[in-house]
Amino acid sequence: MSSSGGAGGKRSVADVLMGNARDAARKAKKGAPAASGVPSPKKPRTKTAAEADGATAERAVDEKPPSPAKSPVKSKRPSSPPKSKSKADDAPEAKKRSPSPTRSKTLAAAAKLEAAEKPLSPKRAKTLAAKSDAKPSDQALVSQSKDQASQSEDKKTKISNATKSEEVNTTLELKKKGSEFDPMAAAYWKPGEPVPFLFLARALDLISNESGRIVITEILSNVFRTIIATTPEDLLATVYLSANRIAPPHEGIELGIGDASIIRALSEAYGRKEEHVKKNLKELGDLGLVAKASRSSQKMMYKPKPLTISRVLDTFRTIAKESGKDSQDKKRSHIKGLLVAATDCEPQYIIRLLQSKMRIGLAEKTVQMALGQAAVYSEKGSPPKKVQSPFEEAAKIIKEAYSVLPIYDKIVPTLLDAGVWKLPETCNFSIGVPVGPMLAKATKSVSEIIDKFQGREYTCEYKYDGERAQIHCMEDGTVEIYSRNAERNTGKYPDVVDAISRIRKPTVKSFVLDCEIVAYDREKKRILPFQILSTRARKGVTINDIKVSVCTFGFDILYINGKPLLQEQLKVRREVLYKSCRL
């Protein structure tokens, strides 16, 4: 906007208003008559420049200014002021004088009127109209709402920062030695509340950075102790996930999902293309790390409800039970639900658990040792007097209990209710549940064996090149076959199931046989290599489809007619075996 440099220059509304204000101030000061020429009956009171500016500002706001094109306004000057100042002299004075509040109103009104003369964009006009139409009360409500939203956001930020601080403290607490550890200091949830899955995921992340078995055992023991002290009902689910299991092995419950389905679920959950996920997999070599990186780069409109340990395990079991048409789609949907809700390092361990590849050096034996150690710390009473080393003895008891009854659903509740020292009395052998196999130890030479057993009675067995099997024959005639890893192999050997009824004597109602199944050439009467046996299908084999014949070599009996024989000597068990079978 150009200011008028002379009588012929174009003047803006602001210039006109400023000129009127100055004229009114001069006339008021000298007692001159009003601009209209009407004499005042009384001598007017001398007004200050600020008051004159205020009066002019009120008229300028209330009255509509004339259009410059139709009625140009010229500033009126006094006819013969004694000490007149030129416009050039007034300008510096205006700059030196600090604007009063009323003068600021005048300038604001002038700027508003001048802006009204300029054309506005439709969007800007709509915005200004909405603001001008709003009632003062509405504007106050909007302002109040913004303040409340800001306070709420600040509160959420403080809570989030406090939670992160608690999680960091938890991480530091879990690394402490067992004697210095405080379970309540490690928990950032209230007693009785479901344990967050992030608590376990962070613990697994700590373990992944350790190599010493003692340190790993202590970290996991601290995890178990924290859960026992706060939410003991979540201990069972924690043990299962720590052992990378979702159910007892003999139940044969499998997730039944491959890497291709996991990649697809991951890409759909995080809005990525499958080819990009596969490219990252080649670079990182770990689908769990790909999931973690994908989650960290994704922004979310709202924070999802935190995952809990029990929810993760329940979802895994639901995935395993999905079958039939569209089962893979349903499984992917369950996986996506977990990944969307996962934060921090949770996606990494969800994927690894789905793959059954933890990659942190955590063996199931270590889980059992940590559970025994946690049980000793959590015991209210003192250990039995005969126990010299409570931690070692507790770990041994849990290992033996699991080898006899490999069902955490029975071991963990018993441990919580009766204590670790009562496990041998309550967790006993049960037919239909596979027992942990007795395995051989390798030696360097035959002379070492002879030296070790010198003066003692011993027996030798052939090294059968086949598959270890544990055959359970129940009283109702049902037969189940389990592998050395307690996996159900009954469907793989229907011919062995058929032969059981022929080899047992009529007096034998139930038994558990420890044996080796090998491929066998009946014509040549010789044992075939394991590679031939491995060509058999794992499930759904029928007798008519069998192309590889097998032979069963029994060398031990663990149970007969309702009586466990695990505590008997091998010599006694062998005698029972020979008396129970038709040779």
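The values are calculated or read from the model by the stated rules, or taken from the named source; none is laboratory data. What you are looking at is a predicted structure, and each value in this text was computed from that prediction instead of being measured. Positions of Cβ are backbone-derived with ideal geometry, glycine not excepted, and every protein chain shown enters the neighbour counts.
Selection of region 467-500 for residues being among the small types (Gly, Ala, Ser) and out of contact with any Ser or Thr (no Cβ under 9 Å at 6 or more places or on another chain) yields SER483, ALA486, GLY491. Exactly one residue among SER179, SER267, SER221 is assigned to a helix (DSSP H, G or I), of a type in the set (S, T, N, Q) and in the same structural domain as THR315 (by TED's automatic domain parsing), and that residue is SER267.
All of ILE246, ILE253 fail the test of being part of a loop (DSSP other than H, G, I, E, B) and surrounded by 20 or more Cβ atoms within 10 Å (Cβ to Cβ), apart from ILE246.
Taking first residues from region 555-583 that are free of Cβ contacts under 8 Å to residues at least 12 places away in the same chain and under 22 Å from ARG468 (Cβ atoms) and partners that are of a type in the set (D, E, K, R) and surrounded by 12 or more Cβ atoms within 10 Å (Cβ to Cβ), the Cβ contacts under 9 Å between residues at least 6 apart in sequence or on separate chains come to LEU565/ASP556; LEU565/ARG573. Among the candidates GLU475, GLU480, GLU487, the residue that is among the acidic types (Asp, Glu), farther than 18 Å from GLY554 by Cα and surrounded by 13 or more Cβ atoms within 10 Å (Cβ to Cβ) is uniquely GLU487.
Summed over region 528-553, residues that are touching a Cys at 6+ places or on another chain (Cβ under 8 Å) and surrounded by 19 or more Cβ atoms within 10 Å (Cβ to Cβ) total 1.
For region 504-521, the criterion of being farther than 22 Å from PRO564 by Cα, in a loop (DSSP other than H, G, I, E, B), over 47 Å from the mean Cα position of the chain (by Cα) and modelled with pLDDT of 95 or more is satisfied by no residue at all.
Listed by position, the helices (runs of 4 or more DSSP H) contained in region 273-345 that have at least 2 residues being surrounded by 17 or more Cβ atoms within 10 Å (Cβ to Cβ), touching a residue at least 60 places away in the same chain (Cβ under 8 Å) and under 18 Å from the mean Cα position of the chain (by Cα) are 287-296, 309-321, 327-341. Tallying residues that are assigned to a loop (DSSP other than H, G, I, E, B) and either of a type outside the set (A, V, I, L, M, F, W, C) or not assigned by TED's automatic domain parsing to the domain that holds ASP556 (or both) within region 443-483 yields 20. Looking only at region 400-422, residues that are buried (at least 17 other Cβ atoms within 10 Å of the Cβ) and over 34 Å from the mean Cα position of the chain (by Cα) come to 2 in all. If we scan region 290-303, do we find a residue that is within 22 Å of VAL195 (Cβ to Cβ) and modelled with pLDDT of 95 or more? Yes, because at least one residue in region 290-303 is within 22 Å of VAL195 (Cβ to Cβ) and modelled with pLDDT of 95 or more. Do you know which of the residues in region 378-411 that are of a type in the set (Val, Ile, Thr) and free of Cβ contacts under 8 Å to residues at least 40 places away in the same chain is farthest from SER179 (Cα to Cα)? The selected residue is ILE411.
Evaluation of PRO183 against the conditions (1) over 20 Å from the mean Cα position of the chain (by Cα); (2) buried (at least 19 other Cβ atoms within 10 Å of the Cβ); (3) in contact (Cβ under 8 Å) with a residue 60 or more places away in the chain shows that the sole unmet condition is (3). Of the residues making up region 455-503, those that are farther than 25 Å from GLY252 by Cβ and among the basic types (Lys, Arg) are ARG456, LYS463, ARG502. For region 346-361, filtered to residues that are on the phi < 0 side of the Ramachandran plot and among the charged types (D, E, K, R), the residue that is surrounded by the fewest Cβ atoms within 10 Å (Cβ to Cβ) is LYS357.
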